[in-house]
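The values are calculated or read from the model by the stated rules, or taken from the named source; none is laboratory data. Note that this is a predicted model, so its numbers are computed, not measured. Note: ideal-geometry Cβ built from the backbone for every residue, glycine included; neighbour counts use all protein chains shown.
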Protein chains: 2
Amino acid sequence: MPGLKGELKSRRRLVIEKVQPEVDGGRFAVKRVSGDLVRVEADIFTDGHDELACRVLYRREGETGWRETPMALLVNDRWRGEFYADGIATYTYMIEAWPDRFRTWQRDLRKRIAAGQDVAVELMEGSRLVREASHRATGDDALRLEQRADAMEKDWAPELRSEIAVEESLAELMDRQGDRQGKVLYDSGQRILVERERARFSAWYELFPRSTAPVAGKHGTFRTTIAWLPYVEQMGFDILYLPPIHPIGETNRKGKNNSVVRGADDPGSPWAIGSHEGGHKDVDPALGTLEDFRALVEAARGRDMEVAIDIAFQASPDHPYVKEHPEWFKHRADGSIRFAENPPKRYEDIYPIDFETEDWQALWLELESVVRFWAEQGVRVFRVDNPHTKPFSFWEWLIGRIKAGYPEAIFLSEAFTRPKTMYYLAKAGFSQSYTYFTWRNQKWDLTQYFTELTQTEIREYFRPSLWPNTPDILNEYLQHNGRPAFVIRMILAATLSASYGIYGPAFELGESQAREPGSEEYLHSEKYELRHWDVTAEHSLRELIARVNRVRREHAALQRNDTLRFLELNNEQIIAYMKTSQDGEDVIIVAVNLDPHATQSGWLRVPLLDLEIGDAEPYQVHDLLDDAYYSWQGEWNYVELNPHVLPAHVLHLKRPARR
Amino acid sequence: MPGLKGELKSRRRLVIEKVQPEVDGGRFAVKRVSGDLVRVEADIFTDGHDELACRVLYRREGETGWRETPMALLVNDRWRGEFYADGIATYTYMIEAWPDRFRTWQRDLRKRIAAGQDVAVELMEGSRLVREASHRATGDDALRLEQRADAMEKDWAPELRSEIAVEESLAELMDRQGDRQGKVLYDSGQRILVERERARFSAWYELFPRSTAPVAGKHGTFRTTIAWLPYVEQMGFDILYLPPIHPIGETNRKGKNNSVVRGADDPGSPWAIGSHEGGHKDVDPALGTLEDFRALVEAARGRDMEVAIDIAFQASPDHPYVKEHPEWFKHRADGSIRFAENPPKRYEDIYPIDFETEDWQALWLELESVVRFWAEQGVRVFRVDNPHTKPFSFWEWLIGRIKAGYPEAIFLSEAFTRPKTMYYLAKAGFSQSYTYFTWRNQKWDLTQYFTELTQTEIREYFRPSLWPNTPDILNEYLQHNGRPAFVIRMILAATLSASYGIYGPAFELGESQAREPGSEEYLHSEKYELRHWDVTAEHSLRELIARVNRVRREHAALQRNDTLRFLELNNEQIIAYMKTSQDGEDVIIVAVNLDPHATQSGWLRVPLLDLEIGDAEPYQVHDLLDDAYYSWQGEWNYVELNPHVLPAHVLHLKRPARR
């Protein structure tokens, strides 16, 4: 047939499109955690009026066969199938669909019978389909099908023969043995990266080990940090994150408050990594030995916490790499090595690494060996400094390699940059990502931002980690609004997202003084000097933090983000939202007064219809923060929040008992 | 380097994603018409802080080289480039982007100078870039670059050398000669199907030629249809669409009002194609000869109209195919051929074609030869009957083949089925598509539907054709609401969409009687009997139709759909919307009273901000239907519409004169 085959894309009649979850046509993995129910949806349709049969095929890496789960029609040609992802592994899925000849025939037969048409010829056709299937079947199914085909061919009245033909049980038999002629396979190679639960649900506590000494003025160590573990554990955190623990450079070392002039005792910024005492695979001798570090990792594990370290791929001018691999750095026209800068800003104590070096292969392997080294010391959580200034492809490669050996590894991206860059880093493999939360203080911008993060495709790969403060960022809102501001920001962070963190003890002790007006830098920042903290202080937020973290552990609704929805509340100063567990059983409603100065009140609308609660049914809400109980009824309910007492409700909604 | 290259997807640093326009990752063509400005957008970004250079590469089929147009940064890493698509052809485009080393250097230099830094070393680096470019350049550019490199290297003060270095003219020189190291190419093979203007902007008039006889009771012919052309032309239509013109089967021929009992003189349904007198390549002898048909085609062309025929791939039991190719039809278990049905409905006068026949290749080629046959008779517009009951891949293949020989060919899809099927047919190649407009009579559903059609990705491939009535559909709204209903529906169809049609003379004469209550079928439908129409009747809408079609021709805003936006108006009975030409110069505002019984009024909000009209500036609107002029000011303006006078405004907004 001239010209027919060449131009013909496909004779397949079915279309499978708009598949979810899918990231960039299968280019990047979708993220889930072990135990999640994976919900696959697609538009599936064909010409004409055939009934369709649709299946999700999925398998865990290493499995040779495919497991299969049926898809059901939702509405408007949209189909859904579900399966559980168990274990820390990568899954792959595909969709298969075909015209279901038997169910099409059965549906039409029912209509013909209802219209009183003669169905004798139709029964002949149907019995032929059943007989064919009986030949494909084995065991009891073969017998069952044969017996039904026989019955449909008997010289009984058509009504009698039809009774057997229209049974759902026959359709189910046929589902198992039916032909899949005209089958279409949708295979984008979509991977589902199933991580451990902590990749999604985690509470981080950032701490400078050098500030953990029991007496002021002394340099803290890994050993003195071990003594802090009970304190961090009591507050309910599960990840203890340490800024870089490596030897700190001497050349151009910064003094207190980032001064270019340093005092003799100034310890320097831990991010100026490398000295004659070693580089990224060494520990700062002032902190102890590698053995001490391993002891800290072990001690944390004993309390169901783990230690995260900071991966900052940059070097002080004294780093061994500078001498051994000058080709890994950018040289200026005068032969000097270019220090880090973002013109006109200069970071004279740091050399950035040149990822475009001719010797990139050796460089990349060396950097990977750094992460591997710390994994070998028992570290499984890595906070990565400024990943957006290194190539995306480098991270995709590195994270893939590390996770191949250590599937439990978790990487947190510290990229405060433009949104698309942040999202792309998450696609490239980071388990969690810093966000703009730190600068979102109003109802409208929090609502807009978290709707984008949790209700669009972004949620499939980007897991937000919310930080009210970091050693780099003391937001204005915290500087000027006293203790209520800290409480407000902490509760927002801990309930808007399943993962959050604080930089302590600066946070729980309400440290709020900036280096200078208009700056987000802390005065006497720990980045440049030792601090001594009195964590037993009366005004500490430790009790509240402990309570909030306990609530998070006890309520599945707070351990995920995809169910987040904002609720109507007629006051711009109070933000309200709801989260539920995946099965909808656990329901948490949060209302936060964003005004740190004055009591605010308003009417909050509970989405009763979606919760399947009647307008006339009273229901109870239990404030998990102050243990108060309220009996509510109807959609609109009154809330009033005094920031000087407690600026938030975290309410557990109890559904009315059913008969 | 073990394990490095194999796992590494790409070292390229740039990312190009979220490219528009693009349909299904380039699988299907985007549709445009000749003369359109094609606007290409993408998210383009990289790690770090480099400036980027981005280009759209495009070419018309047959061209070997690529044309190039620069992209500009809009906001938030979104880039845009534009080019004109001229001529009826398929274009392809790609996007190319690379880090712009020179502009990055120049930007940083400006910042360093502003910060008072020493830039001597930077000037050395810059001059090196310029010098390298001068070697790549030819002619005057080479000289210009060399001269600037020299100047940057002189022993003048750095300030003086910098003056040359920061000039935009130097950056432009470098743009032409700059290196494209690190270039990334985005190539999804995206095609742009550029059709003639009528593919987007057209007014259809459907007419049964057999009802065109000058005297009642006689069978009209192609020749008597020619006599109707001035009438159709005066109303301003440009496509005259004829139901099937082929011999009509005798077996099971339907009688008047679709009766299974026929009268001796009943002409039968034109969709029951084929008899002993021929099939799809023959004309019904009652209508005349093929020569007569060609004369009609010619006569229409002489009035700048064209004839569209109906492609209905189905056969009456008497069609020659049934004897010659019984294998092209579905056989029942008793050996009989299955007639068309949608259980429990039966169409005993029609056999559907079995596209899954083993002999499909011969079948497909035969059907293609049918369309080709009529193209050879001069037909360029094809209305396709029920395409959704044939495989999508068949249409994609057939339309592609026909358009390869006849690029001006236009196919209209008559698929009244589920939305995703309708959209997919448009992707497969149909230039225009019937819609649900016929059943959308309220403000909310019209707004929702046309927002979906014109403001989502669907607009890239689906061109709506709006029909207030068809021979199959006399909507309830027309049955019960008198003349105002016809005026309302006609104005909506003609202004909501650049393409629309009416089935006449039933429409302009206000034919409104259904076969029975609850039916959408016409009483005495022309599908089953001859009719005689008095188009000179006093109550005809022909004058209004002519006026509306004239307004459409005179206003570019009404010749496209992508600029449609609905306007606020505080009355649910009045729908208001605005359309503009692509350059924004032509502005049309339409307000239609959807209540066919009572006068309705309300305040309409004109989007002055977008129109760049000040709140205090008066502006004029000219009603193109009744020639009234109004002077408006500010956003909110009063409208009042009496359905018994004229239920709509079609307003041309004139911007205030500028100094």
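In table form, for the structure just shown:
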| quantity | calculated |
| --- | --- |
| All positions within region B:417-459 that are surrounded by fewer than 18 Cβ atoms within 10 Å (Cβ to Cβ), more than 13 Å from chain A (Cβ to nearest Cβ) and outside any helix (DSSP H, G or I) | B:Q442 |
| Any hit, region A:357-367, residues being more than 14 Å from chain B (Cβ to nearest Cβ), farther than 28 Å from A:R198 by Cβ and either outside any helix (DSSP H, G or I) or of a type in the set (A, V, I, L, M) (or both) | no |
| Filter result (of a type in the set (S, T, Y) and either within 14 Å of chain A (Cβ to nearest Cβ) or farther than 16 Å from B:D86 by Cβ (or both)) within region B:44-65 | B:T46, B:T64 |
| Out of A:F486, A:F392, sole residue that is in contact with a helix residue (DSSP H, G or I) (Cβ under 7 Å, 6 or more places away or on another chain) and within 19 Å of B:R12 (Cβ to Cβ) | A:F392 |
| Hits in region A:468-493 - residues which are touching a residue at least 60 places away in the same chain (Cβ under 8 Å) and within 16 Å of A:Y241 (Cβ to Cβ) | A:T470, A:P471 |
| Any hit, region A:160-177, residues being charged (D, E, K, R), crowded, with 21+ Cβ neighbours inside 10 Å and not in a helix (DSSP H, G or I) | no |
| Whichever residue in region B:505-528 is among the hydroxyl-bearing types (S, T, Y) and assigned to a loop (DSSP other than H, G, I, E, B) and, among such residues, is nearest to B:N469 (Cα to Cα) | B:S512 |
| Odd one out for A:D155 among (1) more than 28 Å from B:G335 (Cα to Cα); (2) not assigned by TED's automatic domain parsing to the domain that holds A:V40 | (1) |
| Residue count for region A:635-659, restricted to those that are more than 23 Å from A:L544 (Cβ to Cβ) and either touching a Lys or Arg at 6+ places or on another chain (Cβ under 7 Å) or at pLDDT 95 or above (or both) | 4 |
| Answer from A:S202, A:S162 - the residue that is in contact (Cβ under 8 Å) with a residue 12 or more places away in the chain and in contact with a helix residue (DSSP H, G or I) (Cβ under 8 Å, 6 or more places away or on another chain) | A:S162 |
| Scope region A:460-487; condition in contact with a Gly (Cβ under 8 Å, 6 or more places away or on another chain) and surrounded by fewer than 18 Cβ atoms within 10 Å (Cβ to Cβ); matching residues | A:G482, A:R483 |
| Residues that are in a loop (DSSP other than H, G, I, E, B) and closer than 19 Å to A:I575 by Cα, drawn from region A:467-504 | A:W467, A:P468, A:N481, A:S497, A:A498 |
| Residue check for A:L145: over 42 Å from the mean Cα position of the chain (by Cα), buried (at least 18 other Cβ atoms within 10 Å of the Cβ), farther than 22 Å from A:R112 by Cα and not assigned by TED's automatic domain parsing to the domain that holds A:T69 | yes |
| Of all residues in region A:287-346 being without any contact (Cβ under 8 Å) to a residue 24 or more places away in the chain and acidic (D, E), the one that is nearest to the other protein chains (Cβ to nearest Cβ) | A:D334 |
| Residue list for region A:383-401, filter: surrounded by fewer than 22 Cβ atoms within 10 Å (Cβ to Cβ) and away from every other protein chain (no Cβ under 12 Å) | A:D385 |
| Count of region A:188-205 residues which are in contact with a Gly (Cβ under 9 Å, 6 or more places away or on another chain), surrounded by 14 or more Cβ atoms within 10 Å (Cβ to Cβ), closer than 22 Å to A:D24 by Cβ and not hydrophobic (A, V, I, L, M, F, W, C) | 3 |
| Qualifying position, being more than 10 Å from chain A (Cβ to nearest Cβ), of a type outside the set (A, V, I, L, M, F, W, C), closer than 22 Å to B:M174 by Cα and under 29 Å from the mean Cα position of the chain (by Cα), among B:E68, B:E41 | B:E68 |
| Residue selected from region B:530-561 under the condition without any contact (Cβ under 8 Å) to a residue 12 or more places away in the chain and part of a loop (DSSP other than H, G, I, E, B), by the criterion surrounded by the most Cβ atoms within 10 Å (Cβ to Cβ) | B:T536 |
| All strands (runs of 3 or more DSSP E) inside region A:593-659 with 2 or more residues being surrounded by fewer than 17 Cβ atoms within 10 Å (Cβ to Cβ) | A:600-605, A:618-623, A:629-633, A:636-641 |
| Among the candidates B:I95, B:I113, B:I88, residue that is aliphatic (A, V, I, L, M) and within 11 Å of chain A (Cβ to nearest Cβ) | B:I113 |
| Test: A:A97 is within 28 Å of B:F394 (Cβ to Cβ) and aliphatic (A, V, I, L, M) | yes |
| Test result for B:L73, assigned to a strand (DSSP E or B), hydrophobic (A, V, I, L, M, F, W, C) and farther than 18 Å from B:D187 by Cβ | yes |
| B:E61 over 30 Å from A:N386 (Cα atoms) and either loosely packed, with under 14 Cβ neighbours inside 10 Å or under 25 Å from the mean Cα position of the chain (by Cα) (or both) | yes |
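Yes/no matrix, rows are residues, columns are (1) outside any loop (DSSP other than H, G, I, E, B); (2) buried (at least 19 other Cβ atoms within 10 Å of the Cβ):
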| position | (1), (2) |
| --- | --- |
| B:E298 | yes, no |
| B:R301 | yes, no |
| B:D304 | no, no |
| B:I309 | yes, yes |
| B:V322 | yes, yes |
| B:G335 | no, no |
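Yes/no per residue for (1) out of contact with any Ser or Thr (no Cβ under 6 Å at 6 or more places or on another chain); (2) assigned by TED's automatic domain parsing to the domain that holds A:A428; (3) under 22 Å from B:F355 (Cβ atoms); (4) among the acidic types (D, E):
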{"site": "A:D24", "(1), (2), (3), (4)": "yes, no, no, yes"}
{"site": "A:V30", "(1), (2), (3), (4)": "yes, no, no, no"}
{"site": "A:H49", "(1), (2), (3), (4)": "yes, no, yes, no"}
{"site": "A:L52", "(1), (2), (3), (4)": "yes, no, yes, no"}
{"site": "A:Y84", "(1), (2), (3), (4)": "yes, no, no, no"}
{"site": "A:R110", "(1), (2), (3), (4)": "yes, no, no, no"}
{"site": "A:D118", "(1), (2), (3), (4)": "yes, no, no, yes"}
{"site": "A:E125", "(1), (2), (3), (4)": "yes, no, yes, yes"}
